[in-house]
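What follows is a set of notes on a single structure, which appears directly below.
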Amino acid sequence: MFETLSEKLQRVFKNLRGEGRLTEQHIEEALKEIRMALLEADVNFKVVKQFTEAVKSKAIGEEVLQSLSPGQQVVKIVRDELIEILGGTNVRLSFASQPPTVIMLIGLQGSGKTTSSGKLAKWLERGGHRPILVSVDVYRPAAREQLKVIARDIAVKLWEGKPDDTPLQLCQDAVREARNSAHDVVIVDTAGRLHIDETLMKELHELKEAVHPNEILFVADAMLGQDAVKSAQQFHDQLGISGFILTKMDGDARGGAALSIKQVTGQPVKFVGTGEKYDALELFHPDRLVSRIMGMGDILSLIEKAEEVVDKKKAVELQEKMFSDSFTLEDFRDQLKQIRKLGTLDQILGMLPSIGPFKDMQKVKVDEKELVRVEAIINSMTPKERRNHQLINGSRRKRIAKGSGTSVQQVNQLLKQYAQTRKMMKGMKNSFFGRRLKGMKLPEMPF
């Protein structure tokens, strides 16, 4: 996420920190590089101008230039201003005082509205709500069918209506059904177009007037950069948007849309899509995103994700086994499963700070298929073999390789890695670091 922009900014900060004393010229040169980095990231030029002026006015002052660590202070100013242009703080959804709350998702065709509807429903359900989904895209039968499949996959109620129902009828009936069946949120997946036209806007106006939505969320493809921002502005001018969902953030190396949309429209980003799975929707935290852009990582989001998906009891058991010399291949497999629940390894590594022991971690290229292969090898073993790896002789290795669709060499490699892990943990057990780690209560982290 935003790798290109992050690399360029970190290079500028490294140069600033390397200077013993800062002059106005140093800051001017740094701001010039930051300006170019932001423009190349497709950030709106007015936003870039406003940002650099704000940083300059705060950085070129007697207090900053003559401080003991002027470079660090300038970096802090840049960080604070980046957080400001992203919205400052996390903005939550507005819920109706009398249920149901109606949330309309709008946007251009192909932006990811239907998938985002399902993701939002799943996110709300995890928070204790009872959402109901409805598609009012009567022009594309495939769109309604897609939402039906998503609703079935995430086990959320769908209001299908009749084939010849109008968008207004579908919307009103879904709200009525929500009241009657004690569902407290209605998510309306509206029709999209390849471009903005009068017919689309008229229809959305009618829906807005009829059901008075508590939230109108514009779904924008983050990878479109300024095109997404322009579309968002046009929709906001005509409808009055309350916030944004930025999709495909995990594939956006530049960050132009995310860094511009709040300043251009005045409305906050509320959610970001970070993957294809239905649970890959996160609340937007400006400060955490800026930390990632500046190479400081996003440990808070990683911990929150771990708390959601990791079995704490099992994580504690695994930690105890690792230090008690009873860590089996079965436990090794369970540990991998716990880690994979957090998302792809690329996403996990992207949340780590690019400093200290994690400095080069983000450069590591991980083949996700390798984890699947490891799990297949362990699953091809008998329970006895998983509990006692020393039983696995040459003939057993051939059988395991054949059963897992791998080679004997790959089985040998796994067993070697496992033996090295056990040896390392055994060596750490009596060390100062090992005693400290063993005493720490970290059930939320599986590794």
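Taken together, the values in this text are just the output of simple stated rules run on the coordinates, not laboratory data. Please read these numbers as outputs of a predicted model, since none were measured by experiment. No Cβ is skipped: glycine too gets one built from the backbone with ideal geometry, and neighbour counts run over all protein chains shown.
Summary of values
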item: Distance (nanometres) between label positions extended 7 Å along Cα→Cβ at GLU375 and ILE196; result: 4.4
item: Cut-off under 5 Å, modelled amide H: who pairs with VAL269 long-range; result: PHE244
item: Label-point separation in nm, LEU168 to GLU33, each point 7 Å along Cα→Cβ; result: 5.9
item: Förster-model FRET efficiency, 41 Å R0, LYS14 and SER407, C-beta, rounded to 0.05; result: 0.40
item: Cβ crowding within 10 Å averaged over residues, with 181-188, 90-97, 235-242 ranked highest first; result: 181-188, 235-242, 90-97
item: Centroid-to-centroid separation of the range 46-60 and the range 381-411 [C-alpha atoms, Å]; result: 62
item: Förster-model FRET efficiency, 22 Å R0, LYS148 and ARG179, C-beta, rounded to 0.05; result: 0.50
item: Added length on full extension, which subtracts the Cα-Cα distance from 0.36 nm per residue, GLN109 to HIS205; result: 32.8 nm
item: Cβ-derived FRET efficiency at R0 56 Å, SER395 paired with GLN234, nearest 0.05; result: 0.20
item: Calculated from backbone phi, Karplus (6.51, -1.76, 1.60) coupling profile of the range 163-170 in Hz, x at Gly/Pro; result: x, 9, 5, 7, x, 5, 5, 4
